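Bear in mind these aren't lab numbers, they're just calculated from the coordinates by the rules spelled out. Small disclaimer: the values here were computed from a predicted structure and weren't measured. We place every Cβ from the backbone using ideal geometry, glycine too, and count neighbours over all the protein chains shown.
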Amino acid sequence: MKLASILVLLLMLLAVLASAIGVVYVRQQTRLQFVELTRLGAERDDLNVEYGRLQLEQATWADNNRIDQIARERLGMLAPQPAATVVIRR
């Protein structure tokens, strides 16, 4: 064989090896990113569940009847009599 054809053959072999290493690297990166995507999806689902629970808790704490009950029991507040109510108009 000629020296030129041997060099071309070696260059092609190196190109094939570099390509194979590149494919392996990209596949590994894809696997790692898929694992991260799965983990983030599970975290998103957990956060959505917690958000729904917190919304329910906030609605419970802000319920008008509950606030009225606490104002009457703990603070001793009462609704004013109609005669004691003053309406201010502009």
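Ellipticity at 222 nm from helices only: DSSP H runs of n ≥ 4 in the chain, each -39500 (n - 2.57), divided by the residue count, give -28000 deg cm²/dmol.
Helix 3-61 and the long axis of the chain differ in direction by around 10°, with both axes built from C-alpha atoms. Comparing mean-square fluctuations of Ala20, Ala79, Ala62 from a GNM of the chain with C-alpha springs under 10 Å, the top value falls on Ala79. How large is the translational diffusion coefficient of the chain in µm² per second when you combine the Kirkwood radius over alpha carbon pairs with Stokes-Einstein at 37 °C and 0.692 mPa s? Answer from the Stokes-Einstein relation: 156 µm²/s. Taking trypsin sites (Lys or Arg not before Pro) across region 43-77, the ones in a DSSP loop with at most 13 further Cβ atoms lying within 10 angstrom of their Cβ are Arg74. Stretching Asn65 away from Ile21 to a fully extended chain increases their span by 9.0 nm, per 0.36 nm per residue minus the current alpha-carbon distance.
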